[in-house]
1. Per the helix-only calculation at 222 nm, which mean residue ellipticity applies to the chain, given -39500 (n - 2.57) for every DSSP H run of n ≥ 4 and division by its residues, nearest 500 deg cm²/dmol?
2. Against the empirical 2.2 N^0.38 Å scaling, what ratio does the C-alpha Rg of the range 228-304 come to?
3. At 1.306 mPa s and 10 °C, plugging the Kirkwood radius over alpha-carbon pairs of the range 126-265 into Stokes-Einstein gives what diffusion coefficient in µm²/s?
4. Can you pull the Rg over Rh of the range 2-83, Cα-only, Kirkwood?
5. Using only the alpha carbons of the chain, what is the convex hull's orientation-averaged projected area in square nanometres?
6. Could you work out the per residue convex hull volume over the alpha carbons of the range 24-137, in cubic angstrom?
7. Given an 8 Å cut-off on Cα distances and at least 6 residues of separation, report the relative contact order of the range 2-83 as a percent.
8. Hey, what did the range 125-300 get for relative contact order, percent, Cα under 8 Å, at least 6 apart?
């Protein structure tokens, strides 16, 4: 297995990393080289004429020859080691089997996580991609938090791209609910983008994994994200789009999922919102409409675990009668403080105090616009 400070990493793995650092030989070309030469080392050391002969083309072969003459393999390995990064290649047991099934699977994965043993177990669990708009609305936040919370309670690992908006909400909700989550980056695994997600990045590395196919130091540029999206869907049983505009990058992830034979799920939104157009279009094209978590579990053939109010009440010791009453009111709908006052007949100060304490305990949460939900 391939952590770069692990003496068991083979010499040939270092040449996989060297090829991965060259921008011009992707998964399909690299597979061709491996099939022809047998090992990455032999392909790296092959003559330029031979590389042209097997189909690299004169310009690419010449550019590769120039690159390998200046690339410091041992220096790069030291850089990976100092960054405490794990490395997995196609050939290794811990490489995610589900991802390996897709066309153009990345030959090399760089990972930040607890341990290789933890990663191996992580990749054996069912995963679902959750993606959507960067400029998330209060509605998008609410449905993302609600669905991710229920998915985590049913044992699914949440995969997303660490982007602003839906991605960040999905990762954070999974962690806050005691679940596991995987972030797939469109940059080197050592580049945190967006930078404000530094703390979230660290929490994901402790509660799952941060993954990239790009070499260390590789910047987050727009052209990287379609490639990143195919990994999100490739690791997943399906992809859920909770909110998206009609030109959203989340639709590329959904398209990758469909091409890979994965399920595509979409949440309908308000017809007045431009961030509902993307999900509406997906539903028109055959994506599974999601009203609640059961719609997803049914499609994935996963038996639902006991969720909702009963589970919360059972798990909370010393729940006060007033708190139970509020949870009962919020079980089927989100309510404002004024609506709770009207339904209970309690004084305003009392309701305000109860709601504040329940938020601190994590029983309920503010959803914006004065509304509360479980």
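The numbers here are math on the coordinates, done by the rules we state, and not lab data. Keep in mind the model is a prediction, meaning the values are calculated, not measured.
1. For the chain, the value works out to -13500 deg cm²/dmol.
2. Values: Rg = 11.9 Å, N = 77, 2.2 N^0.38 = 11.5 Å.
The value comes to 1.04.
3. Numbers: Rh = 14.4 Å.
It diffuses with D of about 110 µm²/s by this estimate.
4. Values: Rg = 12.9 Å, Rh = 13.2 Å.
On the Cα set of the range 2-83, Rg over Rh gives 0.98.
5. 20.6 nm²
6. Given the Cα convex hull of the range 24-137, per-residue volume reads 175 Å³.
7. That works out to 36 percent.
8. Relative contact order here is 21 percent.
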